[in-house]
Amino acid sequence: MSNTVTPYVPTIIGKTLRILRERLRIQRYVTTNYDDSFATIGDSLQIPTTAGVTADDITPANTAPALTDLAPSNVTLTLNKFKRAPFSIAETDLNRMMKDTDWVPAHLEEACRSMAKQVVDDIWQLYKNVPYYVGTAGTNPFGTSLATLALAAKSMDDTLADDVRYMLIDNAAKEKALELGNLIQAYQRGSNQTLNTGELGELLGFGMQRDSRVPSHTAGTITTGLVTKSGHTTAVGDTSTTVTTASSTGACALVVGDIITFANDSQTYVVTAACTQASAASDATLTFYPGKVVADSGGSAVTVKGTHRVNLGMDRGAFALATRWPRNPERALNTVIPFTDSPNIYNTAQDGGGSEATGMQFGLSFVPNYWAETLEIVALYGVTCLRPERAVRMAG
């Protein structure tokens, strides 16, 4: 069967890359670790993150100061996502693909769309690590002005994020932004780019990008009066505390990714483990990130931000994506042809001259069947959060 399809492989891969490049977006704005090597599911990588350096005073002396050892940390990224997008293709479709450079079989297009959505959605789920939050849940951030975007910029300034930043917004946010007169009126903005193209371009230091896969976060619940337990001290730097409800009818069911606040503390925190009271007025452990910035001696009210769209400001240091070619066992029934989305290959007429290459590794798998041609696009990859300080949620 593979001999039948082999002559079509360059065309199939070229058309596959064209579709993947169009639909893979968020991975362009994260740290990437791509390598033309083979791996198996469960393999792990160590991605270094830089250590902080503190500036101090110079004191003249007749001896040099002691050497300073930096201890850069590593984040483990596990290749734990092994995905396939299968499709069947007829001989007539193969022949037509070879003759018509613009035509793509529907099954191939659906397989590419499915694979791209899976990778993008897995990266997007990393938002649950981000505690920095601006805006109002359920309210379009561009409803009246750019004020919420300015708050997002300030948040990233405060956490010392890189100056090269991106803001990924959903369709509704982009629509409202385009209605703001100061964006489309050239005499105010100094450019007619948005009016002519419908693209937002650079705004307040962010490269604005629309992404139709922006997720919604469904917030957990606090029924009545959740407070930190009286007499229980939470010190600066602590990442957990004991909470209870003042009412015998109250309860909480907070979920990972919830944004919470404590009374007398302006910092927003993200819930890192589900927190559910066994019964009303019982104690529960609430874990969060970052560490507490204001000490608490108990009795402080805890509130949770409502359900919101997670428009996300970020720089490349916030999240990471790694891909490898999947290693095929020697006795496997299928045949896998690995390919890399490189700008140096499959970048001619086969992919339409192409969108920007993603650099990712994929495999084209031929699966033996009875009187049928079945192929799979396969990907082995992993995602992780590197530095949540490099991102901010802009609620919608």
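Magnitude of the Cβ-charge dipole of the chain, K/R +1 and D/E -1, about the Cα centre, nearest 20 debye?
Values: 32 positive and 38 negative charges, 127 e Å.
Computed charge dipole of the chain: roughly 620 debye.
Averaged over every viewing direction, what's the projected area of the C-alpha convex hull for the chain? Give it in nm², one decimal, please. Intermediate values should be presented prior to the final figure.
Numbers: hull surface 113.0 nm².
For the chain, averaging the hull's shadow over all directions gives 28.3 nm².
Step through the table entries Lys229/Lys292; Lys154/Lys176; Lys229/Lys305; Lys15/Lys99; Lys128/Lys229, compare each Cα-Cα distance with 19 Å, and write down the pairs that go over it. Could you put the intermediate results ahead of the total?
Values: Lys229/Lys292 15 Å; Lys154/Lys176 21 Å; Lys229/Lys305 21 Å; Lys15/Lys99 13 Å; Lys128/Lys229 26 Å.
Those over the limit are Lys154/Lys176; Lys229/Lys305; Lys128/Lys229.
Select from Ala391, Leu203, Thr224 the residue farthest towards the positive end of the dipole of the chain; place +1 on Cβ of Lys and Arg, -1 on Cβ of Asp and Glu, and compute about the Cα centre.
The one lying farthest along the dipole's positive direction is Thr224.
At q = 0.13, 0.14, 0.27, 0.30 Å⁻¹, what is the base-10 log of I(q)/I(0) for segment 256-316 according to the Debye formula with one equal point scatterer per Cα and no solvent? Please give it to two decimals.
-0.41, -0.47, -1.38, -1.45
So if the hydrodynamic radius of segment 221-306 is defined as the Kirkwood radius over C-alpha pairs, what does Stokes-Einstein give as its diffusion coefficient at 10 °C and 1.306 mPa s, in µm² per second?
On the way: Rh = 12.4 Å.
Stokes-Einstein gives a translational diffusion coefficient of 129 µm²/s.
Using only Cα atoms, tell me the angle between helix 106-124 and the longest principal axis of the chain; keep it within 0 to 90° and round to the nearest 10.
The angle comes out near 20 degrees.
Taking a virtual spin label 7 Å from the Cα of Asn171 along the C-beta vector, which residues in segment 9-23 bring their backbone nitrogen under 19 Å of it?
22-23
Specify the angular offset, from 0 to 90 degrees and rounded to the nearest 10, of the alpha carbon long axis of helix 9-23 from the longest principal axis of the alpha carbons in the chain.
Between helix and principal axis, roughly 30 degrees.
Mind checking which aspartates and glutamates have their Cα closer than 16 Å to the Cα of Lys83? Skip sequence neighbours fewer than 8 apart in that chain.
Partners within reach: Asp43, Glu110, Asp121, Asp122, Glu376.
Expressed in nm to one decimal, what extension gain is obtained for the pair Glu199 and Thr76 from 0.36 nm per residue of sequence separation less their Cα-Cα distance?
Extending this stretch completely gives an extra 40.6 nm.
Compute and list, largest first, the equivalent-ellipsoid semi-axes of segment 109-187 from the alpha carbon gyration tensor, each √(5λ) rounded to a whole angstrom. Kindly include the intermediate steps, with their values, before the conclusion.
Working: eigenvalues 134, 78, 32 Å².
That gives 26, 20, 13 Å for the three semi-axes.
Would you mind working out the magnitude of the charge dipole of segment 221-306 relative to its Cα centre, with +1 at each Lys and Arg C-beta and -1 at each Asp and Glu C-beta, to the nearest 20 Debye? Present the calculation step by step, with values, prior to reporting the outcome.
Values: 3 positive and 5 negative charges, 14 e Å.
Computed about the Cα centre, the dipole is about 60 debye.
Relative to a virtual label point 7 Å from the Cα of Ser44 in the Cα→beta-carbon direction, which members of segment 292-329 show backbone nitrogen distances below 17 Å?
Label zone hits: 320-323.
Quick one: compute the contact order of the chain, relative version, from alpha carbon pairs under 8 angstrom and 6+ residues apart, as a percent.
Details: 872 pairs, mean separation 106.9, N = 396.
That works out to 27 percent.
If you place +1 on the Cβ of every Lys and Arg and -1 on the Cβ of every Asp and Glu, how big does the dipole about the Cα centre of segment 114-167 come out, in debye to the nearest 20? Don't skip to the end; give the middle numbers.
On the way: 4 positive and 6 negative charges, 38 e Å.
The dipole of segment 114-167 has a size of about 180 debye.
Okay, helix-only estimate at 222 nm for the chain: each DSSP H run of n ≥ 4 adds -39500 (n - 2.57), divide by all residues, round to 500 deg cm²/dmol; what do you get?
On the way: 9 runs with 80 residues, N = 396.
Calculated at 222 nm, the ellipticity per residue is -5500 deg cm²/dmol.
Only the coordinates and a few stated rules stand behind these numbers; no lab work does. Note that the structure is a prediction, hence the values are computed from the model and not measured. Using ideal geometry, Cβ is built from the backbone for each residue, glycine included, and neighbour counts are taken over all protein chains shown.
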